[in-house]
Amino acid sequence: MFAETVRQALQAILRNAMRSFLTILGVIIGVAAVITMVTIGRGSSDKIEADVSKLGTNLLIIRRGAGMGPPSAGRSAPSFTLKDVEAIKAQIPGVLAAAPSNTSSVTLIYGNENHQTTVTGTDNDFLIARDWDIALGREFFSSEVSGGKTVCILGATARRKLFGGGDPVDQTLRTEKFSCKVIGVLEAKGASSFGQDQDDTVLMPIKAFMRRIAGDQDVSSIYVAARPGASTDKVKSDIDALLRERRRIEPGEEDNFSVMDTKEIASMLTSVTGVMTGLLSAVAGVSLLVGGIGIMNIMLVSVTERTREIGIRLAIGATERQVLTQFLVEAIVLSLIGGLIGIGLGLVLGYVGSNYMRIPFSPDWTITIIAFVFSAFIGIVFGFFPARRAARLDPIEALRHE
Amino acid sequence: MSEDVQAPVIALRDVSRVYGEGEAAVRALRGVDLTIGRGEFVAIMGPSGSGKSTAMNIIGALDTPTGGSYRFLGADVGGFDRNQRALLRRDYLGFVFQGFNLLARTPAVENVELPLIYKGVGRAERRERAINTLKRVGLGHRLDKEPSQLSGGEQQRVAIARAIASEPEVLLADEPTGNLDTARSVEIMKLISRLNDEEGLTVIMVTHEPDMAEYAKRIVQFKDGLIEADAPNDTIRKPDMEQPDVR
Ligand SMILES: Nc1ncnc2c1ncn2[C@@H]1O[C@H](COP(=O)(O)OP(=O)(O)OP(=O)(O)O)[C@@H](O)[C@H]1O
Ligand SMILES: [Mg+2]
């Protein structure tokens, strides 16, 4: 009997294929939007995790401020000093490299070319910590680092923008305030998870950065690489203890800096995409709800339109329950079809979007099943009222209906 | 429903039906007594507004009387709830309407299957019974046609097939020929009287046309919500007398 009802519902739906399709458009769009959002959100998280794990498991980043908030949260906390960097390198056995890192946006000029890029003040340890090789030229001489010479190592993009195909080594770049001799070019790394170009950068010795750009002695963050085989956790807690002592933090007082390993960096970055995904999915969810109301609306219209048919069915001997079931099943079948099409469309859009954004295609099957069940639920909720209305019609009135 | 085989199929006692209340109340039926036995063929006639359709709706358990009693095979229909009335219609009654009332865009055979679906008859048996019934009304060659592809007379025959597919006790027809020309009307009346003659189907039919009432075995005259006359039809027409058989 139930299979029969479903068959009849399908027949009724197909008899009015165009209207049926328009009816479920809302559900299709809602479900597709949810699935697309979740797929792309998960894909970007996966991509971020993969990118960050490429940084190496032995990388630690030390930043001002407690916790993992956005960088601005650390503004009020005191910055580090070059002495801190030296102390970490000298006093903690598991540390392979420790580099200061200050960044600023600077416009570089070469000939007629003009290019705004990120200048990082650091030293050679930065190359070790970031696992970054020199493609052309050389790294800093230690005299250049200690003397704060204005020499530059260009990222691949900065080089291309300023020099095109030409050889930049030994050429001199200018900025508004100083000029800078190019000594090398970094290997290309490609785009990071946020589509930000990591190669659009220029490195210079930290002391040169302080004198020429920042104008103070502050170090805003420190990149540390643990020795292969050394426990990152141990290194982390050693750094924590050392910095607490150097920054004179009383026992019981909270850290005013944070030491993050790659896993924590990843979760900090993905939490941003997580919030985005959540928000967008909520919007998509609202459109699902609107889709459900659309179904109710059309089902009500359909009940009115089919009043005579309902009258015939009642006269022939359909019970109230049979009519109720018929219309309810019709609404459920309709929205399930909508759900299925939406899931299909969402997966396709998710796939296309992932390809376009160069992130892994990562559909969430749990959400897919939930979307499917939810569309059935929408059918029940928004189909019930019109169905009950149909079932309760007075057969005589219904038969007289034009 | 517990049926009493001895009881008349239909027994209306002092049945009244009032629409609305107070000043605006319309007394469509004002105390109707009507007993119809198995195998009868009754034509209900009378002027417009005399209460014929109201009486048919009550007999058909589509409506309930506001006074009096209605027994169907001895069972008191007045005490039935909506669901029981639906089951009475499903299991004992077949309806034919003036406007055919077939489901649009639905093949003839599926229209005829409809009451069997609600009865829970399995798919294969249902189809077979629907086809057989359509053959009985002479539409064996029109099974897959939708109402819009059928003539008025053919549509009404599909409707009759639908009404009798579930082998009801009584066929109720409210002006079954009202929308048809004379030739089609005669065709339909012959079909109905054949079902009455050959299969013993009880038929109650409302008609305005004396020519059509002639096919019935008993004629009941309504006037102002009352039965004015109720007599056997003494000039019963034999189905094959003058008109050529259209089947
Ligand atoms: N739903 C209703 N509400 C109010 N009055 C009604 C309703 N149905 C019928 N009536 C009234 O009841 C009376 C009897 O109506 P009914 O339809 O039974 O007449 P009838 O004999 O079938 O007429 P006709 O030959 O025109 O079909 C009429 O006065 C009609 O106006
Ligand atoms: Mg009438």
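The values are calculated or read from the model by the stated rules, or taken from the named source; none is laboratory data. Just so it is clear, the model here is predicted, and its values are computed rather than measured. We place every Cβ from the backbone using ideal geometry, glycine too, and count neighbours over all the protein chains shown. We work out accessible area using only protein heavy atoms, side chains counted, and drop any ligands, DNA or RNA first. Shrake-Rupley method; radii C 1.70, N 1.55, O 1.52, S 1.80 Å.
Among the residues making up the range B:134-157, a single one is in a loop (DSSP other than H, G, I, E, B), open to solvent by 20 Å² or more (accessible area, probe 1.4 Å) and either among the polar types (S, T, N, Q) or closer than 18 Å to B:Asp181 by Cα (or both): B:Ser151. In the set (1) in contact with a Gly (Cβ under 8 Å, 6 or more places away or on another chain); (2) at pLDDT below 95, the condition left unmet by B:Arg136 is number (1). Within the range A:319-345, the set of residues being in contact with a Gly (Cβ under 9 Å, 6 or more places away or on another chain) and more than 14 Å from chain B (Cβ to nearest Cβ) comprises A:Phe327, A:Leu328, A:Glu330, A:Ala331, A:Ile332, A:Val333, A:Leu334, A:Ser335, A:Leu336, A:Gly338, A:Gly339, A:Gly342.
Being at pLDDT 90 or above, among the hydrophobic types (A, V, I, L, M, F, W, C) and out of contact with any strand residue (DSSP E or B) (no Cβ under 7 Å at 6 or more places or on another chain) holds for only one residue in A:Ala90, A:Ala135, A:Ala98, A:Ala158, and it is A:Ala90.
Residues in the range A:230-241 that are in contact (Cβ under 8 Å) with a residue 40 or more places away in the chain and surrounded by fewer than 16 Cβ atoms within 10 Å (Cβ to Cβ): A:Ser231, A:Lys234. As a summary of the residue check, B:Asn83 satisfies the conditions (1) crowded, with 17+ Cβ neighbours inside 10 Å; (2) within 7 Å of another protein chain (Cβ to nearest Cβ); (3) not hydroxyl-bearing (Ser, Thr, Tyr) except for the one numbered (1).
Yes/no per residue for (1) buried (at least 19 other Cβ atoms within 10 Å of the Cβ); (2) aliphatic (A, V, I, L, M); (3) under 30 Å from A:Asp233 (Cα atoms):
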residue	(1), (2), (3)
A:Glu253	no, no, yes
A:Met276	no, yes, no
A:Glu305	no, no, no
A:Gly311	yes, no, no
A:Leu314	yes, yes, no
A:Thr319	yes, no, no
A:Val352	no, yes, no
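Residues in the range B:188-214 that are within 16 Å of ligand 2 (Cβ to nearest atom) and open to solvent by 10 Å² or more (accessible area, probe 1.4 Å): B:His208, B:Glu209. If the condition is being within 16 Å of ligand 1 (Cβ to nearest atom), surrounded by fewer than 24 Cβ atoms within 10 Å (Cβ to Cβ) and either of a type in the set (Phe, Trp, Tyr) or within 9 Å of B:Phe95 (Cα to Cα) (or both), then the range B:159-176 contributes only B:Asp174. The set of residues in the range B:202-232 being away from ligand 1 (no atom under 12 Å from the Cβ) and basic (Lys, Arg) consists of B:Lys217, B:Arg218. Looking across B:Gly94, B:Gly122, one residue alone is closer than 17 Å to A:Ala318 by Cα and modelled with pLDDT of 95 or more. It is B:Gly94. For the range B:19-30, filtered to residues that are over 15 Å from B:Ser53 (Cβ atoms) and within 10 Å of ligand 1 (Cβ to nearest atom), the residue that is nearest to the other protein chains (Cβ to nearest Cβ) is B:Gly20.
B:Met45 passes every criterion in (1) closer than 16 Å to B:Arg13 by Cβ; (2) within 15 Å of ligand 1 (Cβ to nearest atom); (3) of a type in the set (A, V, I, L, M, F, W, C) apart from (1).
Of all residue pairs spaced 6 or more apart or on separate chains, those with beta-carbon atoms under 7 Å, a first member in the range A:1-13 that is in the same structural domain as A:Met299 (by TED's automatic domain parsing) and a second member that is small (Gly, Ala, Ser) and assigned to a helix (DSSP H, G or I) are A:Ile13/A:Ser20. Taken together, A:Ala225, A:Ala266 contain a single residue that is at pLDDT 90 or above and open to solvent by less than 60 Å² (accessible area, probe 1.4 Å), which is A:Ala225. If you check B:Arg38 against the conditions, is it charged (D, E, K, R), in contact (Cβ under 8 Å) with a residue 60 or more places away in the chain, surrounded by fewer than 16 Cβ atoms within 10 Å (Cβ to Cβ) and more than 11 Å from ligand 1 (Cβ to nearest atom)? It is true that B:Arg38 is charged (D, E, K, R), in contact (Cβ under 8 Å) with a residue 60 or more places away in the chain, surrounded by fewer than 16 Cβ atoms within 10 Å (Cβ to Cβ) and more than 11 Å from ligand 1 (Cβ to nearest atom). Tell me which residues, restricted to the range B:13-35, are open to solvent by 10 Å² or more (accessible area, probe 1.4 Å), more than 14 Å from ligand 2 (Cβ to nearest atom) and within 24 Å of B:Ala75 (Cα to Cα). The answer is B:Arg13, B:Asp14, B:Ser16, B:Val18, B:Arg30, B:Gly31, B:Asp33, B:Thr35. B:Ala86 meets all of the listed conditions (1) touching a residue at least 40 places away in the same chain (Cβ under 8 Å); (2) of a type in the set (A, V, I, L, M); (3) more than 16 Å from ligand 2 (Cβ to nearest atom) but one, namely (1). I need the full set of residues from the range B:108-117 which are in contact with a Pro (Cβ under 9 Å, 6 or more places away or on another chain) and either closer than 15 Å to B:Ser151 by Cα or facing chain A (nearest Cβ under 8 Å) (or both), in order please. If the condition is that a residue be in contact with a Pro (Cβ under 9 Å, 6 or more places away or on another chain) and either closer than 15 Å to B:Ser151 by Cα or facing chain A (nearest Cβ under 8 Å) (or both), then B:Ala108, B:Pro115 are the ones that fit. Scanning the range A:355-364 for any residue that is more than 14 Å from chain B (Cβ to nearest Cβ) and of a type in the set (Lys, Arg) turns up at least one such residue. Residue by residue through the range A:195-224, note down the ones that are under 30 Å from A:Pro93 (Cα atoms) and within 26 Å of the chain's Cα centre (by Cα). Selection gives A:Ser220, A:Ser221, A:Ile222, A:Tyr223, A:Val224. Hey, any hits in the range B:100-108 for a residue that's touching a residue at least 60 places away in the same chain (Cβ under 8 Å), within 16 Å of ligand 2 (Cβ to nearest atom), of a type in the set (Phe, Trp, Tyr) and crowded, with 17+ Cβ neighbours inside 10 Å? There is at least one residue in the range B:100-108 that is touching a residue at least 60 places away in the same chain (Cβ under 8 Å), within 16 Å of ligand 2 (Cβ to nearest atom), of a type in the set (Phe, Trp, Tyr) and crowded, with 17+ Cβ neighbours inside 10 Å.
Scoring B:Glu146 on the criteria (1) within 13 Å of chain A (Cβ to nearest Cβ); (2) within 16 Å of ligand 2 (Cβ to nearest atom) leaves a single failure, condition (2).
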